[in-house]
Amino acid sequence: MMRQNKLFSGIYILGTALAIAATTIFAIAYYIRIAPVYPEYQRDRMSHIYQVYVNDPGQNFTSGGWLSADAVKNYISQLPSAECVSASMLRSGTSLEFDDDRTPVKVAVRYADPNFFKIYSYEFLDGAPFTTAEFESGAARTAISDRMAEKIFGTTRDVIGRTVSLDFKDYTICGVFREGSALNQSSFGQFIAPYYALPEMQANSGGSLIGRLRTVILSDDVESLRNELAEAGRKYAAEHEGLTVDFRNQPYTDVEMALANPSTNNDIDWVSLWRRNILILLVLLIVPALNLSGMIAGRMDSRRAEIGVRKSFGGGRRALLSQVLWENLVLTITGGIVGLVVAWLLIHGAAGWLLKCICGSNEGVNISAEMYRATPDMLFAPTVFICAFVFCVLLNIVSALIPAWSVLRRPIVNSLK
Amino acid sequence: MSTIIKLSDISKIYRTKTIETQALDKVNLDIEEGEFLSVMGPSGCGKSTLLNIIGLLDKPTTGIVELCGRPTAGLKDKALARLRNETLGFVFQSFHLIPTLSVLDNVIVPLMYRAGSRNNKKLALEALEKVELSHRVNHMPSQLSGGQAQRVAIARAIVGNPSIVLADEPCGNLDSRMSGEIMDLLHSLNREDGRTIVMVTHNEDQARATDRIIHFFDGRRVE
């Protein structure tokens, strides 16, 4: 049929390809945010504290923000259900200076604690992460990504012990790790250094809960964590008379963080979230289905006599319907494959603007588009492939069933006229 | 010989919102096995409607159709399709070859809907040999002359070895030489294979060459 009806087949395949490409990009964007991809393999056990809200009724003032190092150490790390707690912050505008005459560039530095490497499975190509002692002492040590090492030194080997200048402070390289993607919102960094290496982090927070650290907790029991965190908030409030602390049912699971993108002042609105996503999927499914359905209706009308002949010679409605659906499925799957390739090429080639648009910014900081690359395990995921295939089949059924059935219902003599 | 087609009190009324047209009015007809019957009459007298009803392509408003001694009333779509596939072959005035299929694939069409059918290609080649078109198997319908197209249509009609062939003005779109070839072919199918043939025609010479002629006028059979 493809050879014999080139124009129809070509337009049909193109239409399907566009629909599948759009759906695949949508699916990949979601997959990246919720699936276990490098180095966030423990997403199913991770939960996050996004904001804490402290209210001072005396001053009629509520402030909200991330956590301080003291809060992490004195309250979050003490939660009984927390298997491992890590806090970190990302600075995307850090200036990297070179020894030679190269112009300084902006890089993304994640300041973290040693537990960071227990939760995020960074693969070290050389050396190791900074130690607990180095962290506690605020030593200027850093792990560097392989891409960054290549960029600065032209190699990933023999860079341990060398120094890099970050915001005019020299850091000694302790390890080289395989870089992830900026799409991994809570783990990305081209450099990973102890947060105590920052002078402002060494300063006493004055007992404030609010600070600059994003906190991730490894646990199998999020509900208990929520209760324990609320209790920790009450404990803090009791120790600071007049204050009230609200964690708003945190920590959020990794899926909640990824999908709901909780804003500063609102709780997650699951109803709106589902409504929006279902609406997007329906638009992606129904709009091309209507277009393709119209094309198939026209095509079926031109095949009316053929249908009449086939029925005359013993083709039953079910057999003919199945034949039409199979023919269409071949076209749809061809379109699906083209669509997948288009989606992959688009994401691979234009990951920067595309995925940044879909996935949003990283921790609210500005990261250059080139860091939003999709790694192979993000692109060639069986889940995405299955989603695209299911979408192909649905598209085929929705677009072909009604026009095909409508023609097949006609009396044979009318079809033969 | 036994009766292979029996029509009893067949009437067919076409209704629209405003018009009611009686296409057939209480037609009774018995056709014997192996008979070559011609149906004649002016345009609009109900000949094609009669053929459609015999061929189970259309249902009568009232009356009973029996094929091979079996009443067809009340049969479901699947059973009707099977009966058409196994018992009937059709030859249409405008050939109705499927333009996107090759000659061979056109002839295979009836076999596609036969359960457990094997050797489809071999059977189709045999049928094409019978109509002397073995050398055109890979041609497309658009590459055939009218006579060749009708011979392909006849090959398609007989490939499933049906006992009845229904031909609706099979020479209506052909010149006299090609018409002669087609009529010879239909006669050989009747004489050599013993197939029952019911043919609608306007041509008296062609009709006279058949075993029996029946005439229709205004939906009624007239002697």
*asked:* If I filter the stretch B:86-129 down to residues being among the β-branched types (Val, Ile, Thr) and touching a residue at least 60 places away in the same chain (Cβ under 8 Å), which single residue comes out as surrounded by the fewest Cβ atoms within 10 Å (Cβ to Cβ)?
replied: B:Thr87
_Go through (1) over 15 Å from the mean Cα position of the chain (by Cα); (2) more than 8 Å from every other protein chain (Cβ to nearest Cβ) for B:Met112 and report which single condition fails._
(2)
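State whether the residues of the stretch B:97-106 include one that is part of a helix (DSSP H, G or I), within 10 Å of chain A (Cβ to nearest Cβ) and modelled with pLDDT of 90 or more.
Residues of the stretch B:97-106 part of a helix (DSSP H, G or I): B:103-106.
When the remaining residues are screened for being within 10 Å of chain A (Cβ to nearest Cβ), the result is B:106.
Subset that is modelled with pLDDT of 90 or more: B:106.
Yes, the stretch B:97-106 has at least one match.
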_Whether any residue in the stretch A:51-70 is part of a helix (DSSP H, G or I) and either among the acidic types (Asp, Glu) or in contact with a helix residue (DSSP H, G or I) (Cβ under 7 Å, 6 or more places away or on another chain) (or both) is what I want to check._
yes
*Among the residues of the stretch B:1-18, write down those that are more than 13 Å from B:Pro71 (Cα to Cα) and charged (D, E, K, R).*
B:Asp9, B:Lys12, B:Arg15, B:Lys17
*Residue ID - farthest from the other protein chains (Cβ to nearest Cβ), chosen from residues in the stretch B:12-41 that are farther than 17 Å from B:Val198 by Cα, in contact (Cβ under 8 Å) with a residue 40 or more places away in the chain and surrounded by fewer than 22 Cβ atoms within 10 Å (Cβ to Cβ)*: B:Lys26
*Only one residue in A:Ala343, A:Ala305 is under 30 Å from A:Arg178 (Cβ atoms), modelled with pLDDT of 80 or more, of a type in the set (Gly, Ala, Ser) and assigned to a helix (DSSP H, G or I). Which one?*
A:Ala343
*So A:Ala35 fits all but one of (1) of a type in the set (Gly, Ala, Ser); (2) surrounded by 21 or more Cβ atoms within 10 Å (Cβ to Cβ); (3) closer than 30 Å to A:Asp221 by Cα; (4) in contact with a helix residue (DSSP H, G or I) (Cβ under 8 Å, 6 or more places away or on another chain); what number is the exception?*
(2)
*Within the stretch A:128-160, how many residues are within 16 Å of A:Pro194 (Cα to Cα) and either free of Cβ contacts under 8 Å to residues at least 60 places away in the same chain or out of contact with any strand residue (DSSP E or B) (no Cβ under 6 Å at 6 or more places or on another chain) (or both)?*
14
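Quick one: is A:Ser95 part of a strand (DSSP E or B) and farther than 24 Å from A:Gly65 by Cβ?
Spelling it out, A:Ser95 is indeed part of a strand (DSSP E or B) and farther than 24 Å from A:Gly65 by Cβ.
Among the candidates A:Arg299, A:Arg317, A:Arg310, single out the residue that is within 13 Å of another protein chain (Cβ to nearest Cβ), modelled with pLDDT of 85 or more and surrounded by fewer than 24 Cβ atoms within 10 Å (Cβ to Cβ).
Working: A:Arg299 fails: modelled with pLDDT of 85 or more; A:Arg310 fails: surrounded by fewer than 24 Cβ atoms within 10 Å (Cβ to Cβ).
Exactly one of A:Arg299, A:Arg317, A:Arg310 is within 13 Å of another protein chain (Cβ to nearest Cβ), modelled with pLDDT of 85 or more and surrounded by fewer than 24 Cβ atoms within 10 Å (Cβ to Cβ), namely A:Arg317.
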*Please go through the stretch B:170-198 and pick out each residue that is modelled with pLDDT of 90 or more and more than 18 Å from B:Val131 (Cα to Cα).*
B:Val198
*Is it true that some residue in the stretch B:44-61 is closer than 24 Å to A:Lys311 by Cβ and more than 18 Å from the chain's Cα centre (by Cα)?*
yes
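Scan A:Glu200, A:Glu239 and give me the residue that is closer than 18 Å to A:Asp113 by Cα and exposed (fewer than 13 other Cβ atoms within 10 Å of the Cβ).
On the way: A:Glu239 fails: closer than 18 Å to A:Asp113 by Cα.
Exactly one residue qualifies, and that residue is A:Glu200.
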*For the stretch B:16-37, name all the residues that are in contact with a Pro (Cβ under 8 Å, 6 or more places away or on another chain) and closer than 19 Å to B:Thr3 by Cα.*
none
*If you check every pair at least six apart or on different chains, which have Cβ atoms under 7 Å apart with a residue in the stretch A:213-236 that is farther than 17 Å from A:Arg43 by Cα first and a residue that is acidic (Asp, Glu) and surrounded by fewer than 19 Cβ atoms within 10 Å (Cβ to Cβ) second?*
A:Gly233/A:Asp246
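Among the candidates B:Pro71, B:Pro60, single out the residue that is surrounded by 21 or more Cβ atoms within 10 Å (Cβ to Cβ), within 27 Å of A:Phe313 (Cβ to Cβ) and free of Cβ contacts under 8 Å to residues at least 60 places away in the same chain. Can you show your working first?
Numbers: B:Pro71 fails: surrounded by 21 or more Cβ atoms within 10 Å (Cβ to Cβ).
From the options B:Pro71, B:Pro60, the qualifying one is B:Pro60.
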*Consider A:Thr142 carefully, then state whether it is of a type in the set (Ser, Thr, Tyr) and surrounded by fewer than 23 Cβ atoms within 10 Å (Cβ to Cβ).*
no
*Would you call B:Ala81 at the interface with another protein chain (Cβ under 8 Å from one of its Cβ atoms), of a type in the set (Gly, Ala, Ser) and within 28 Å of B:Tyr14 (Cα to Cα)?*
yes
*(1) surrounded by fewer than 15 Cβ atoms within 10 Å (Cβ to Cβ); (2) over 23 Å from A:Pro39 (Cβ atoms); (3) not assigned by TED's automatic domain parsing to the domain that holds A:Asp56: which one isn't true of A:Gly211, the others all being true?*
(1)
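Among the residues of the stretch A:237-247, which ones are hydrophobic (A, V, I, L, M, F, W, C) and within 29 Å of A:Asp44 (Cβ to Cβ)? Steps first, please.
Of the stretch A:237-247, the ones hydrophobic (A, V, I, L, M, F, W, C) are A:237-238, A:243, A:245, A:247.
Hits for the stretch A:237-247 are A:Val245, A:Phe247.
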*Which condition does B:Glu169 not pass, out of (1) crowded, with 23+ Cβ neighbours inside 10 Å; (2) within 14 Å of B:Phe95 (Cβ to Cβ), if it passes all the others?*
(1)
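Which residue out of A:Ser322, A:Ser293, A:Ser272 is surrounded by fewer than 17 Cβ atoms within 10 Å (Cβ to Cβ), more than 14 Å from chain B (Cβ to nearest Cβ) and among the hydroxyl-bearing types (Ser, Thr, Tyr)? I'd like the intermediate steps shown before the answer.
Details: A:Ser322 fails: more than 14 Å from chain B (Cβ to nearest Cβ); A:Ser293 fails: surrounded by fewer than 17 Cβ atoms within 10 Å (Cβ to Cβ).
Sole residue among the options that is surrounded by fewer than 17 Cβ atoms within 10 Å (Cβ to Cβ), more than 14 Å from chain B (Cβ to nearest Cβ) and among the hydroxyl-bearing types (Ser, Thr, Tyr): A:Ser272.
The values are calculated or read from the model by the stated rules, or taken from the named source; none is laboratory data. These numbers come from a predicted model, not from an experiment. Positions of Cβ are generated from backbone atoms using ideal geometry, with glycine treated the same way; all protein chains shown enter the neighbour counts.
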